[in-house]
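Bear in mind these aren't lab numbers, they're just calculated from the coordinates by the rules spelled out. As the structure is a computational prediction, the values presented were derived from the model and not from experiment. Note: ideal-geometry Cβ built from the backbone for every residue, glycine included; neighbour counts use all protein chains shown.
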Amino acid sequence: MNRLLTGGLLAVLVYLSGCSAQTASSLVPMSGANARGTLDVLGGAPPKDRRHGEFALFDAPLPNAGASASPAVVIRLLAVSPANGDKPSPWITFSKPQDVDLLQLQQDAATWDGFMAYGQYNAIQLSVDPSHCYVVQGGVKYPMVFNGQPAGAKQVAIKGNVPNFTVGPPSNDAVSGTDDIQVALDFNVFESLKIENGVAKMDPHLSGGAHASQIHGKVVNAENGQVANAAVVLINAGGHMVNSTVTNGGGDFQLNGILPGTYTLHVLNSYTSGSGNSVHAVGNDPNGAVTTTVTINGHDIDLHQLTD
């Protein structure tokens, strides 16, 4: 089932590098204090052919990760770039590599900013150092290997296709109400990660794009009790899944990186993700199920309570 908003293929491009290992870095989320765009490196005011853009990275929870053992899914992020096909354009680079624990980004994003060149883009590319990516689960640390990554790779470019967006002169954007381009992506380790044979296998499934929104809600049973560990799956008008998440212990959920449109939202009491992670709801009513229509018009949506 296609998990990208445009129905396009997510590509993982691998580059081999002879340079030395990256310097140590601190875990984020954080503001963009350590992020630098090309103009920041060169100095001076931004030229007329670039526009300021903000990038937010979210993630979905990883059920059964073992909360008592301090689980983590860490990627070392080197740069973020918009791309047109196979042609990335400089946007956000880091003076110090950013070690990002994706499991800390379920409610609040890691955010950075920089200047994007004018043009039309249909992808966002995350450049990571796979030699410093890992998963901690059940007190065990597993090295991360990306799909298609050969041995010795020092840089992996994860390119997620998104709907076309244009970067041009600021014009008090009608969707976001700001002169900044705002891009949000959900990495979604639930759909992307599988631990197998002592290795954390990562096949990234990004969702999101420019001017994306969030969907919030809470799943309860007929007695108003919380329903935990239920899968929440969002399907677009074309029948493709665009994102998924899992309710927490209080029945709450949040879907990130949702673009304007009309969707069907399903709450499923048993579900297996694309990477083989299975969940089974706790606290749901027998034969309970939820299906509802959600329309996104550029603003966050609160569905309040859904009875399962």
Nearby aspartates and glutamates by direct alpha-carbon distance to Lys96 (threshold 17 angstrom, same-chain neighbours under 8 apart not counted)
Asp40, Asp113, Asp129
Separation in nanometres of the label points that stand 7 Å from Cα toward Cβ, at His299 and Asp49:
3.9
When His205, His280 are ordered from fewest to most other Cβ atoms inside 10 Å of their Cβ, what list results?
His280, His205
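Give, as a single signed number, the net charge of other residues whose beta carbon lies under 13 Å from the beta carbon of Ala72, with Lys and Arg counted +1 and Asp and Glu -1.
In short, -1.
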Which of the lysines could a cross-linker span from Lys194 if the Cα-Cα distance has to be under 24 Å and same-chain partners fewer than 8 positions apart are dropped?
Lys141, Lys154, Lys159
With 5 Å bins from zero, work out the P(r) of the range 213-307 over every alpha carbon pair and list the percent per bin.
3, 14, 27, 25, 18, 10, 3, 0
Can you tell me the Rg and Dmax of the range 78-221, counting just the alpha carbons, in angstroms?
16.8, 52
